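So the structure is just underneath, and the comments pick up after that.
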Amino acid sequence: MNITTITGNLTKEWEVKKSKDGKTAIATNVIADNDFQNERTNFFNIKVIGKIADSYPKYTGKGSKVTIVGKMSLTDYEGKDGAKRQWFEVLVQQLDSHAPKKETAENSKATKSEDTKEMDVNDDFPF
């Protein structure tokens with residue numbers, strides 16, 4: 001069974017690409033510390049394909065702490081120098097954000113004024 005789970009931070013903003021048939025593919029990297037005495041830091045290439053890829057850039061970006069679940073994939077390609085190379089990446093099936101993407105100051109103020117309701121602290125509560 002090929003299941004990979006990684007918790008770490010996104011190292012850059014998502015790269016977004018659209019295929020000719022309209023499918024979205026996004027890619028970025030995740031940096032994760034090795035739990036064993038913090039001896040090593042690992043970088044993972046991650047990719048998301050399909051409808052779910054449309055939402056992730058809205059809610060996560062560079063620095064976001066995430067947990068991803070997916071399948072490890074090995075891709076063969078030819079480098080610019082003509083040498084054959086291999087590339088590991090995780091094809092993401094699930095991504096959980098530990099904190100929402102930081103909003104701009106304007107969005108934050110607009111949301112706060114629209115969503116915040118004053119509450120009478122003298123109201124009786126059932127608990």
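Derivation of every value follows stated rules applied to the coordinates shown; laboratory data play no part. Since the model is a prediction, treat every value here as computed from it, not as a measurement. Neighbour counts run over all protein chains shown; Cβ positions are idealised from the backbone, glycine included.
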Original post:
Which value in nm describes the separation of the simple spin-label points at Ala99 and Asp81, placed 7 Å from the Cα toward the beta carbon?
Top reply: 4.0 nm
Subject >> Highest average packing first - 2-13, 78-89, Cβ atoms within 10 Å >> reply: 2-13, 78-89
Subject >> Gain in span if fully extended, Ile49 to Glu13, counting 0.36 nm per residue against the direct Cα distance >> reply: 11.4 nm
